[in-house]
Amino acid sequence: QVQLVESGGGLVQAGGSLRLSCAASGRTFSRYNMGWFRQAPGKEREFVAGIRWSGGSTYYADSVKGRFTISRENAKNTVYLQMNMLKPEDTAVYYCAARGGSYVSTTDKSYNYWGQGTQVTVSS
């Protein structure tokens with residue numbers, strides 16, 4: 001079992017930055033591939049970024065490439081999402097998620113554990 005708690009969301013102006021954190025419970029965090037997803041009002045949840053259990057591979061949605069960076073500190077049971085050059089279209093509830101196995105998936109249904117989400121609002 002893994003419990004996930006996101007933090008770091010808030011209100012920021014366009015062009016600004018935020019860093020989201022996702023703290024995980026459990027001693028097996030380092031075995032999980034981690035993903036960040038987001039869901040805007042009236043839209044489906046979408047993949048944002050993912051990082052392999054080893055931290056050696058990262059993946060990004062085209063819409064955030066070059067602006068967002070995912071990282072993890074297994075010793076702290078934490079995964080981060082650094083978001084720079086934020087745009088109003090980045091406004092959404094952001095969720096972190098964990099899945100076992102050996103690779104990152106961009107499909108939300110393949111993730112076993114989810115956090116409660118944190119709101120990110122970017123004003124124009």
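Computed FRET efficiency, Cβ-Cβ of ASN74 and SER124, R0 35 Å: what is it to the nearest 0.05?
Once the sixth-power term is evaluated, E becomes 0.40.
Compute the accessible area per residue over the chain, keeping the other protein chains in place, probe 1.4 Å, unit Å².
That works out to 52 Å² for each residue.
Rounded, prolate or oblate: which fits the range 20-66, taking a ≥ b ≥ c as square roots of the Cα gyration tensor eigenvalues, rounded meaning a/c under 1.5, else prolate when a/b beats b/c?
Note, shape of the range 20-66 comes out oblate.
Quick one: among GLY55, GLY101, GLY42, which has the greatest mean-square fluctuation in a GNM of the chain with alpha-carbon springs under 10 angstrom?
Looking only at GLY55, GLY101, GLY42, the largest GNM fluctuation is found for GLY42.
Using unit Cβ charges (K, R positive; D, E negative) and no other charged atoms, how large, in debye to the nearest 20, is the dipole of the chain about its Cα centre?
Result for the chain is approximately 320 debye, rounded to the nearest 20.
Tell me which of THR58, SER71, SER102 sits at the most positive position along the dipole axis of the range 39-119, charges placed on C-beta atoms (Lys, Arg +1; Asp, Glu -1).
SER102
With an 8 Å Cα cut-off and a minimum separation of 6 or more residues, compute the relative contact order for the chain in percent.
36
Mind checking which lysines have their Cα closer than 29 Å to the Cα of LYS76? Skip sequence neighbours fewer than 8 apart in that chain.
By straight Cα distance, LYS76 reaches LYS65, LYS109.
Just by accessible area at a 1.4 angstrom probe, what is the order of ASP62, ASP90, ASP108 from largest to smallest?
Greatest to least solvent exposure: ASP62, ASP108, ASP90.
I'd like to know how the chain sits against the 2.2 N^0.38 Å rule of thumb: what's its Cα Rg over that expected value?
Working it through for the chain, the quotient is 0.97.
Could you work out how much longer the chain between GLN3 and ARG31 gets when fully extended? Use 0.36 nm per residue separation minus the Cα distance between them, nm to one decimal.
Taking 0.36 nm per residue and subtracting the Cα distance, the gain is 8.7 nm.
In nanometres, what is the gap between the two model label sites at SER57 and THR106, each 7 Å from Cα along Cα-to-Cβ?
Between SER57 and THR106, the label points sit 1.4 nm apart.
With just the Cα atoms defining each centre, how far is the range 62-108 from the range 16-50? Give it in Å.
Rounded to whole Å, the Cα centres lie 5 Å apart.
The values are calculated or read from the model by the stated rules, or taken from the named source; none is laboratory data. Model, not experiment: these values are computed from the prediction. Here Cβ is always computed from backbone atoms with ideal geometry, including for glycine, and neighbour counts include all displayed protein chains. To get the accessible areas, we keep the full protein, side chains included, count just its heavy atoms, and leave off ligands, DNA and RNA. Shrake-Rupley method; radii C 1.70, N 1.55, O 1.52, S 1.80 Å.
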